[in-house]
């Protein structure tokens with residue numbers, strides 16, 4: 001059991017290092033970096049206030065919503081940056097950074113407008129339910145965000161000549177933004193793969209497989225305990241189930257903190273929580289079943305004697 005716990009801890013560390021390393025690789029060669037301190041010194045900070053945060057290496061931008069809406073149903077759009085990107089050679093690109101927010105009313109989001117030479121434009125918004133493209137609502141500590149855009153399969157498609165980054169808030173609330181970077185990616189699928197521990201389809205397989213194994217293990221333990229056999233094996237398996245539950249739940253929490261998508265942290269926390277609760281309850285139940293089986297055996301011996 002001590003070896004199992006050691007391996008479990010090592011796996012958790014490897015997952016953290018893997019996720020951190022992958023995120024760094026995805027942003028290791030940015031085309032352009034936006035530094036709030038440099039913008040402020042150049043007098044080019046359009047909105048917000050430059051503040052320090054002990055959890056960020058550089059100063060961050062702080063913006064706030066309004067008590068009164070611009071108009072009924074119209075959110076406040078805070079333009080935080082307008083950049084002229086260098087020539088983008090790949091079929092997709094992404095703005096990457098960190099965001100923190102507090103007491104945001106309603107559903108806010110970050111958005112990137114891509115303007116093209118022919119006068120057309122397109123936008124990307126963080127309106128997902130979680131992950132790096134999750135919406136801005138209520139309160140969150142620092143997490144990663146992505147604002148990606150794909151030019152499609154046409155290699156001759158126009159490249160943008162201007163990018164506009166906004167914070168959109170429907171009401172009150174405060175948002176902090178770290179420095180961010182513009183990077184090239186080959187496709188949106190590459191972005192998802194570069195920062196995610198596994199794909200959404202893989203999440204279904206993982207959840208289904210682990211859920212099935214958990215159910216089989218519980219049913220097998222119940223049958224063995226009711227018959228009074230395999231005591232040591234059942235107890236060992238139950239303790240392993242508790243350890244696995246703790247490990248998976250911890251990995252799920254780490255996934256949330258690292259801004260992993262819903263398909264990564266949800267299966268970990270769901271199966272981990274179920275394994276922890278069911279294994280703990282099973283341990284109590286199995287003790288009772290084995291005690292009852294032992295009493296039945298003793299009564300049978302007394303009757304035979």
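The values are calculated or read from the model by the stated rules, or taken from the named source; none is laboratory data. These numbers were taken from a predicted model, which means no experiment stands behind them. As a convention, Cβ positions derive from the backbone with ideal geometry for all residues, glycine included, and neighbour counts pool all protein chains shown.
Listing for the model above:
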{"read-out": "Qualifying positions in the range 46-61 - farther than 14 Å from residue 97 by Cα and at pLDDT 90 or above", "value": "47, 48, 49, 50, 51, 52, 53, 54"}
{"read-out": "Unique residue being in contact with a strand residue (DSSP E or B) (Cβ under 8 Å, 6 or more places away or on another chain) and assigned to a loop (DSSP other than H, G, I, E, B) when the list is 98, 56", "value": "56"}
{"read-out": "Of all residues in the range 116-134 being crowded, with 17+ Cβ neighbours inside 10 Å and at pLDDT 95 or above, the one that is farthest from residue 87 (Cα to Cα)", "value": "126"}
{"read-out": "Residue in the range 273-293 that is farther than 19 Å from residue 230 by Cβ and not in a helix (DSSP H, G or I) present", "value": "no"}
{"read-out": "Residues located in the range 63-76, provided they are modelled with pLDDT under 95 and either under 19 Å from residue 40 (Cα atoms) or under 26 Å from the mean Cα position of the chain (by Cα) (or both)", "value": "65"}
{"read-out": "Residue in the range 147-165 that is farthest from the chain's Cα centre (by Cα), counting only those that are crowded, with 20+ Cβ neighbours inside 10 Å and within 22 Å of residue 59 (Cβ to Cβ)", "value": "163"}
{"read-out": "Any chance residue 238 is within 15 Å of residue 287 (Cβ to Cβ), part of a helix (DSSP H, G or I) and not assigned by TED's automatic domain parsing to the domain that holds residue 126", "value": "yes"}
{"read-out": "Single residue of 263, 245, 252 found to be under 22 Å from residue 98 (Cβ atoms), at pLDDT 85 or above and touching a helix residue (DSSP H, G or I) at 6+ places or on another chain (Cβ under 8 Å)", "value": "252"}
{"read-out": "Among residues of the range 59-92, those that are within 17 Å of residue 166 (Cα to Cα), assigned to a strand (DSSP E or B) and in contact with a strand residue (DSSP E or B) (Cβ under 6 Å, 6 or more places away or on another chain), counted", "value": "13"}
{"read-out": "All positions within the range 31-44 that are surrounded by 15 or more Cβ atoms within 10 Å (Cβ to Cβ) and over 23 Å from residue 183 (Cβ atoms)", "value": "40"}
{"read-out": "Flag for residue 233 being surrounded by fewer than 17 Cβ atoms within 10 Å (Cβ to Cβ), out of contact with any helix residue (DSSP H, G or I) (no Cβ under 8 Å at 6 or more places or on another chain) and either part of a helix (DSSP H, G or I) or modelled with pLDDT of 85 or more (or both)", "value": "no"}
